Every structure is written in structure tokens, then in C-alpha cells.
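I have placed the structure first, in the form of C-alpha cells, so that the comments after it can refer back to it.
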Amino acid sequence: MKKFVAILLMLVLAATMCTALAEEKTYTIGMSQCNLGEPWRVAMNDQIAAAAAEYPMFEVIYSDAAQDNSKQIADIENFIQMQVDLIIASPNEATPLTNVIKRAYESGIPVILLDRKIDGDTYTQFIGADNVYIGRVCGEYVADVLLPDGGKICEIEGLAGTSGGIERDQGFREGIAKNPKLEIIANNNADWLREKAITVAEEMLQVNDEIDLFFALNDPMAEGAYIAAKNAGREKDMYFIGVDGLPTPDGGIRSVMDGRLSLSMVYPTGGKEAIENAYKLLVLGEELEKNVTLGTEVITPDNAAELLVKYGGSVE
């Protein structure tokens, strides 16, 4: 019995020492961001940095592709050459980034995709919210609450070829289909950027005398549509809705509180989860599930103030 206890204690001690040695080792993580022109993506990087600060064994190296597929491919190739321990990537577009991410994955570097997917499944894990569901909820809210009697909709899309944009558009069209009196009369992309959305919305306003609602695939573009409509003196004639729901002073929650947007959706960045799962994989040696679906919440004028506090925003 004493011999058994002694062996058990030795095994426990060995396991403890192995864990300690694993935690003393340092790990380099390459974070390939598709662009930092969107406030939501700045928030993603900030949340990655805050989460990584809790794990002193992690060093995160950041790159910004500035919406350039070639630049992001080069960034990831650089991470492969550096032999980083793990890559976190938010692809600019799915198809152009598929091969380089596949190359990283097949070279033995774990890859966690955030928010945007690639073609196929040559990655370690995907973390993101359900964009089809988010788009559908927005569409159903328009059909049931904002425009129950029907109306004309202009849609402002993100960068063509991004998985999240394709899925949000799909879900929105599914959602509004329950009301046959709703019609999308114009759609164009503004690359997820507010300034481009102002120009796109101006063109839509000039061509269409009757617009009842602007649906933008993110909050900055919805704000751009609002600015264009306000400049034309028409902002009170229509609704504006978006997606992201950041709790920052210029984020979607505040926009709903202030009455510029009638609806937004909380779209979590997944930055914290990516670092936590990197720790599970690299340090603890755990196998990661292939897909992690993050939750979301609907932001309306009725609950915006409550959600602002919940997600860490300031009510002042």
C-alpha cells in the first residue's frame, strides 16, 4: 500500500512538473487581421491583447492586411517562415486566403479562424457568431416590427467575397421573405467602411425617391447611410439598422440609444475565446472542437442602455 501511495505521489509530482515546464515555455502567436479600418476589428485586436496579457507565456505578433488579399497572404507566409506556434486569422476574403491558410495548417501550425471562414476545412478551429441567424433576426424584425405594412429597402453590403457578409445577406433575405410587401430596391457594397457607405447611400438616395429602410451589414455603414440621409434632409423618413453592437462611444449600442439606428445586433469578436483556446491547445495539450458558435443579442431602443452597461460601456 505504501509503495502504491509513493508511486501515485511521484506521478502527481511528475504531472505537476510537466505542467509547470509547459507554462514556463514561451509561445509566439501570429495574428493576421484583414483590416483595421473597422472599429469592430480594432476591438478584436484589443480583446486579443487583453486576453493574452493574462498568459505571460504568450507573445502575439500582429499584422494588418488593410483589405489587401496579397498583403494578407504575405503576412501569413511570413508567420509560416517564422515558425510561429499558432496563427489566428480573420481572412479578408475566403477563396484568395484558402491556400495560404491550408499551407500553414498542413505545415503543422495550428490555425484559429476568427469571424470569417475559408473554403474547405483546413484549419484547426473556427470561432464566430452565426451570421445567417443574425441576418434572419434583422429581417424578421423589419418584417414584423419596423415595416409590417411593407416598404422599400436599400441594402449596403460589406466587401464582396467575405463569408460573414454573404451569410448576413442570406439570412436577411430569408427574414424579410415572411412579409411579401417588403422589397429590396437597391444594394451595393461599401467594404464595411463608414465613409464609403456615405457615398453609396448618397447614390441610392439620389436614384430612389422612396426609401423606407437602410439595412447595412455593419454599424459603421449604417451610420454612413444615416449621415447621407441627414445631409439630404431625409433621415426622419426611414429606418436604419446595422450589426456589431460595440459598447464604445461611437459603437452600435450608443447609436441605438441616440436614435440613429433602430436596431443592431451584438456581434462578439471572439478575441478572448481565441486566446483561451490557444492556451488549451498549446499549453494544456487539449484537442479543440472544430467550430465554436458565439452568442448574440438583439439591441433595440428598449434594452440598449442595459446592454451598454452589460458589455462594459459608459452611460455617461
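Rounded, prolate or oblate for the range 25-121? Axes are the square roots of the Cα gyration tensor eigenvalues, ordered a ≥ b ≥ c, and the cut-off for rounded is a/c under 1.5. Here the range 25-121 falls in the oblate category.
How would the range 123-174 be classified by its alpha-carbon gyration tensor: rounded, prolate or oblate, with rounded meaning a/c under 1.5 and the a/b versus b/c comparison settling the rest? Present the calculation step by step, with values, prior to reporting the outcome.
Numbers: a/c = 4.24, a/b = 1.96, b/c = 2.16.
Because a/c hits 1.5 or more and a/b fails to exceed b/c, the range 123-174 counts as oblate.
Proximity of backbone amide H atoms, modeled 1.01 Å from N, is registered between LEU261 and VAL256 at under 5 Å, excluding neighbours fewer than 5 places apart on the same chain. Taking Cα centre as origin and charging only the Cβ of basic (Lys, Arg, +1) and acidic (Asp, Glu, -1) residues, the dipole magnitude of the range 239-316 rounds to 100 debye. Dipole size of the chain about its Cα centre, with +1 on Lys/Arg Cβ and -1 on Asp/Glu Cβ: approximately 820 debye, rounded to the nearest 20. For the chain, the share of DSSP beta bridges that are antiparallel, to the nearest 5, is 5%.
State, as an integer percentage, the relative contact order of the range 142-219 based on alpha-carbon contacts under 8 Å between residues 6 or more apart.
Numbers: 109 pairs, mean separation 36.6, N = 78.
Reported relative contact order: 47 percent.
Remind me, relative contact order of the chain in percent, using alpha carbon pairs under 8 angstrom and six or more residues apart? Mind dumping the intermediate values first?
On the way: 645 pairs, mean separation 50.0, N = 316.
This gives 16 percent for the chain.
Using helices alone, what [θ] at 222 nm do you get for the chain, with -39,500 (n - 2.57) per DSSP H run of 4 or more residues, divided over all residues and rounded to the nearest 500?
Computed ellipticity for the chain at 222 nm equals -14000 deg cm²/dmol.
Charges only on Cβ, +1 for Lys and Arg, -1 for Asp and Glu: so what's the dipole of the range 111-212 about the Cα centre, in debye to the nearest 20? Rounded to the nearest 20 debye, it is 240 debye.
Each of GLN72, PRO249, TYR239 was placed along the dipole of the chain (beta-carbon charges, centred on the mean Cα), and the one lying farthest toward the positive end is GLN72. Backbone phi angles across the range 70-80, fed through the Karplus curve with coefficients 6.51, -1.76 and 1.60 (θ = phi - 60°), yield HN-Hα couplings of 4, 5, 5, 4, 5, 4, 6, 4, 5, 5, 5 Hz in residue order; Gly and Pro are listed as x. Ordering 71-84, 204-217 by mean Cβ neighbour count within 10 Å, with the highest value first, yields 204-217, 71-84.
Descending by average beta-carbon neighbour count within 10 Å, the peptides 24-31, 121-128 line up as 121-128, 24-31, the highest first.
Coordinate-derived values only; no laboratory data. Just so it is clear, the model here is predicted, and its values are computed rather than measured. As a convention, Cβ positions derive from the backbone with ideal geometry for all residues, glycine included, and neighbour counts pool all protein chains shown.
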